[in-house]
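Have a look at the structure below, then the notes.
The values are calculated or read from the model by the stated rules, or taken from the named source; none is laboratory data. In this text the structure is predicted, and so the values were computed from the model without any measurement. Cβ: placed from backbone, ideal geometry, glycine included. Neighbour counts: every protein chain shown. In case anyone asks, the SASA skips ligands and DNA or RNA and just uses the protein heavy atoms, side chains included. Shrake-Rupley method; radii C 1.70, N 1.55, O 1.52, S 1.80 Å.
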Amino acid sequence: MGDRVLKARNPRRRWAACAGVITMTLWLAAAGLLVAQPAQAAGGCAGSLVRTLPFSTGEVRVYKTRDRACAMAVARAPGQRRAMSVSIQPRGGYPVRDAGQFTRYAGPVTVHAINRCVYVKGSVGAGSVDSGWILC
């Protein structure tokens, strides 16, 4: 009984199945490479730049995709290590924050924001800004 099972398997059929799987994998990989990716800032926020909130020592950049909002605080004069922070809070949710001693930017911080307003705050050194509720 076991011999019949082995004889029933066709090596050509196995090779065709493997070739089919390999071909499909290559097509999917090629399609993944050809699909346009969303624009990204130097620090890693995906999506489109929708707001820039300037202040004396830098600016906060707010990006939006279909379902997420992202923020970064960017120093006006990068290079010197100083205190920076950025936070973003969806309405009805908790804020997500990044703070520390950085040379160029704080963040990115990202929240889910499908049909939700967000509140953004940022600071670089002594300068700071907050947005109020935006992207409503």
Out of (1) open to solvent by less than 80 Å² (accessible area, probe 1.4 Å); (2) touching a residue at least 60 places away in the same chain (Cβ under 8 Å), the one Ala126 does not meet is (1)
Among the residues of segment 48-82, the number that are open to solvent by 50 Å² or more (accessible area, probe 1.4 Å), touching a residue at least 40 places away in the same chain (Cβ under 8 Å) and more than 19 Å from the chain's Cα centre (by Cα) is 3
Over segment 86-95, the set of residues buried (at least 19 other Cβ atoms within 10 Å of the Cβ) and out of contact with any His (no Cβ under 7 Å at 6 or more places or on another chain) is Val86, Ser87, Ile88, Gln89
Listed by first then second residue, the pairs whose first member lies in segment 108-120 and is modelled with pLDDT of 95 or more, whose partner is in a loop (DSSP other than H, G, I, E, B) and surrounded by 21 or more Cβ atoms within 10 Å (Cβ to Cβ), with beta carbons under 8 Å and at least 6 positions apart or on separate chains, are Pro108/Cys45; Thr110/Cys45
Taking segment 96-123 and keeping residues buried (at least 16 other Cβ atoms within 10 Å of the Cβ), assigned to a loop (DSSP other than H, G, I, E, B) and of a type outside the set (A, V, I, L, M, F, W, C) leaves Arg104, Arg116
